Number of protein chains: 2
Amino acid sequence: MLTQSTYSNQISAAIEQAQFPLNPPKLYDPIRYILGLSGKRVRPLLVMLGADLFACADMESTIPAALAVEYFHNFSLIHDDIMDEAPLRRGSMTVHKKWSENVAILSGDALLVKAYEEIARCAPTKIPALLRVFNKMALEVCEGQQIDMDFETQEQVNQEAYIAMIRAKTSVLLGGALQMGAILADATSEEQKLIYDFGVNLGIAFQLQDDILDVYGNPENFGKQVGGDILCDKKTILRLHLQQLANNADRELLSSLIEEKNADRKIQITKELYAKYGVREIADNLKVHYSDEAYKSLEAISVADTQKAALLNLAKNLMVRTY
Amino acid sequence: MLTQSTYSNQISAAIEQAQFPLNPPKLYDPIRYILGLSGKRVRPLLVMLGADLFACADMESTIPAALAVEYFHNFSLIHDDIMDEAPLRRGSMTVHKKWSENVAILSGDALLVKAYEEIARCAPTKIPALLRVFNKMALEVCEGQQIDMDFETQEQVNQEAYIAMIRAKTSVLLGGALQMGAILADATSEEQKLIYDFGVNLGIAFQLQDDILDVYGNPENFGKQVGGDILCDKKTILRLHLQQLANNADRELLSSLIEEKNADRKIQITKELYAKYGVREIADNLKVHYSDEAYKSLEAISVADTQKAALLNLAKNLMVRTY
């Protein structure tokens with residue numbers, strides 16, 4: 001097995017070497033731009049680690065599938081940023097702000113097709129299975145984004161619906177990436193299911209952690225503004241539990257905070273309410289539940305522990321133990 | 001060979017029987033809606049006629065590919081209508097007007113993925129080739145749409161650039177549909193190229209005819225408002241030739257018409273300018289050139305004339321002889 005950083009370097013090199021046409025510039029410049037905003041490239045790495053886990057004989061052959069996943073992820077960022085009216089992405093202007101909404105719609109479409117071009121570059125015997133997994137994942141991501149937008153206008157969101165949303169919107173992509181790697185390594189359907197479940201549950205745990213870190217994260221380690229979710233009244237796992245548990249007076253207090261202009265005061269009072277109803281513990285326990293589920297799936301895979309080391313290491317790095 | 005209307009009925013039935021999830025409604029209702037606005041379904045028919053031409057043994061097997069093409073076409077309509085700020089499509093409200101731009105972006109994305117799901121339902125041995133043709137076509141359609149939008153802000157557009165735009169935006173889809181049918185019927189690459197070229201050139205001729213009919217069509221037969229292109233100052237094949245040929249005074253007159261509020265007067269003067277510079281004849285000749293090219297490609301295909309009858313009939317029906 002090669003080291004994880006070798007795979008990461010291969011992915012970065014492949015993305016840098018990817019050639020997109022020069023014309024029309026408004027179609028391809030935004031694609032070059034968003035792929036150039038250095039993300040962590042976790043998803044394409046998962047394709048390679050999924051293949052590596054099952055001792056894929058030809059790791060070079062996984063690069064197109066890895067690119068497909070990364071292109072898909074960036075397509076979804078371009079379109080989601082339009083819908084969410086986001087001005088910034090990875091600290092730079094979003095495509096629709098830098099160009100226009102029309103440019104963002106169309107270059108996003110083209111990037112999605114480019115993802116399918118990468119699928120088409122895989123070994124022909126593998127293409128049908130890869131395509132099925134990729135399509136299912138892509139459709140669920142669309143569903144997740146729509147459900148997330150629907151939440152904005154819903155008074156109450158329960159935990160089950162919330163988990164279903166983050167599973168579809170963000171986690172199936174991690175599971176799908178790993179499964180595509182497994183397919184390329186000729187893993188059985190049972191093995192594919194286990195590694196897919198590992199990715200999905202890890203993704204859910206990671207997303208729950210993101211909700212928790214937003215409030216309790218160490219500002220020095222956490223990349224975003226602490227309390228950002230509170231300030232924009234985002235329905236996080238913490239908030240939806242608070243809304244269910246709070247007595248009438250506290251629920252009214254929470255509602256009144258929507259109008260609160262003093263950011264520090266808004267964060268402070270919300271955190272006091274979280275503490276009063278113990279929602280941090282609920283969220284922590286839920287995160288642990290999903291990460292445990294993930295580890296169980298990985299353990300159930302019948303390959304040597306040395307083969308699992310890289311994935312286990314990645315999972316441990318994604319899961320923060322102290323906040 | 002079954003009759004063309006049998007194929008059309010099979011396509012209509014397949015579209016009606018297609019099942020889309022109920023939830024989330026904002027993702028799938030717009031898909032049901034746009035597919036329900038009865039279009040002519042020419043593109044999926046071309047998939048079947050392309051397969052029929054090469055004596056496909058199992059015509060049932062062409063239905064998923066036909067649906068893929070129809071879904072792709074409708075995806076592009078949803079997104080183009082946002083970009084073009086179109087209020088109506090086939091006489092009904094466009095998706096972004098009936099719901100919202102966000103809904104139109106995301107349901108369009110989902111419909112594109114649905115098209116790829118249909119590709120994945122084709123015979124596994126055919127999927128790699130189908131996917132390559134479909135991807136190339138899809139990317140060119142995106143390019144064509146961007147080039148078309150770029151034209152809006154360009155002073156001069158020459159004939160070569162215009163033909164390249166309509167080729168990409170609308171004609172490659174007809175060629176690609178036929179080629180996908182040919183692939184399903186095990187046609188050779190040479191045969192695939194000939195039927196692709198037939199479709200592309202027929203598409204260009206049809207689009208040029210559309211420009212001509214807009215001005216000279218019989219209002220009783222032509223589905224749209226006669227003079228509609230003139231009223232919105234669209235850069236048609238007629239207008240771009242007029243702009244190249246007109247003397248300075250007439251070019252200024254043409255420019256001044258952009259501000260003209262009287263619709264009849266605007267159409268009248270533009271038509272007089274078209275007549276003065278003979279641009280209708282130029283456009284007619286160009287249309288005949290491309291339809292001749294199309295027929296040449298069809299003739300060059302070594303199958304019995306009886307096999308070609310349906311396609312020839314379709315082409316003759318698309319090409320209007322008297323305006």
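Results, tabulated for the structure shown:
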quantity: Separation of the B:THR6 and A:LYS136 label points, Cα + 7 Å toward Cβ, nm; calculated: 3.7 nm
quantity: Sequence-distant residues sharing a close amide H with B:MET93 (under 5 Å, placed H); calculated: none
quantity: Estimated distance in nm for a label pair at A:SER38 and B:ALA13, the labels positioned 7 Å out from Cα along Cα-to-Cβ; calculated: 5.9 nm
quantity: Neighbourhood charge, 13 Å Cβ-Cβ cut-off, centred on A:ALA310 and excluding it, Lys, Arg +1 and Asp, Glu -1; calculated: 0
quantity: Lys, Arg +1 and Asp, Glu -1 on Cβ, resulting dipole of segment A:1-137 about Cα centre, debye, nearest 20; calculated: 60 debye
quantity: Rounded FRET efficiency, nearest 0.05, which uses the C-beta distance separating A:ALA275 from B:ARG251 and R0 of 51 Å; calculated: 0.10
quantity: At 7 Å out from Cα toward Cβ: B:SER255 inter-copy label distances (nm, ascending); calculated: 6.1
quantity: Longest to shortest principal axis, alpha-carbon extents of chain A, angstrom; calculated: 62, 49, 33
quantity: Residue-averaged [θ]222 nm for the protein assembly as shown, counting only DSSP H segments that reach four residues, each worth -39500 (n - 2.57); calculated: -23000 deg cm²/dmol
quantity: Dipole magnitude (debye, nearest 20) for segment B:66-223, charges at Cβ of Lys, Arg, Asp, Glu; calculated: 680 debye
quantity: Mean Cα-pair separation over length for chain A, i.e. relative contact order, pairs under 8 Å, 6 or more apart, %; calculated: 19 percent
quantity: Residues A:MET48, A:MET180 arranged by fewest to most Cβ contacts within 10 Å; calculated: A:MET48, A:MET180
quantity: Cα lying deepest toward the dipole's positive end in segment B:1-123, options B:LEU67, B:GLN10, B:LEU37, charges on Cβ; calculated: B:LEU37
quantity: Given chain A, longest segment not containing exposed loop GluC sites (Glu not before Pro) (DSSP; at most 12 other Cβ within 10 Å); calculated: A:221-323
quantity: Nm distances between copies for A:ASP292, ranked from closest, using label points 7 Å along Cα→Cβ; calculated: 7.9
quantity: Max mean-square fluctuation residue, GNM over chain B, Cα-Cα springs under 10 Å, options B:GLN146, B:GLN307, B:GLN154; calculated: B:GLN154
quantity: Percentage relative contact order, segment B:1-157, counting C-alpha pairs under 8 Å, at least six apart; calculated: 23 percent
quantity: A:PHE151-A:ASN218 FRET efficiency (beta carbon distance; Förster radius 22 Å; 0.05 resolution); calculated: 0.20
quantity: Trypsin sites (Lys or Arg not before Pro) restricted to DSSP loop in segment A:148-240 with at most 12 other C-beta within 10 Å; calculated: A:LYS224
quantity: Max mean-square fluctuation residue, GNM over chain A, Cα-Cα springs under 10 Å, options A:PRO30, A:PRO64, A:PRO124; calculated: A:PRO124
quantity: Simple Cβ-charge dipole of chain A, Lys/Arg +1 and Asp/Glu -1, about Cα centre, in debye nearest 20; calculated: 520 debye
quantity: Inter-probe distance in nm under a simple model that places probes 7 Å from Cα toward Cβ, at B:GLU260 and B:GLU101; calculated: 3.3 nm
quantity: Additional length obtainable on full extension of the chain from A:ASN23 to A:GLU299, 0.36 nm per residue less Cα span; calculated: 94.5 nm
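A short reminder: the numbers here are calculations on the coordinates, not readings from a lab. Keep in mind that what you see is a predicted model, and the values were worked out from it rather than measured. Heads up, the Cβs are rebuilt from the backbone with ideal geometry, glycines too, and the neighbour counts pull from every protein chain shown.
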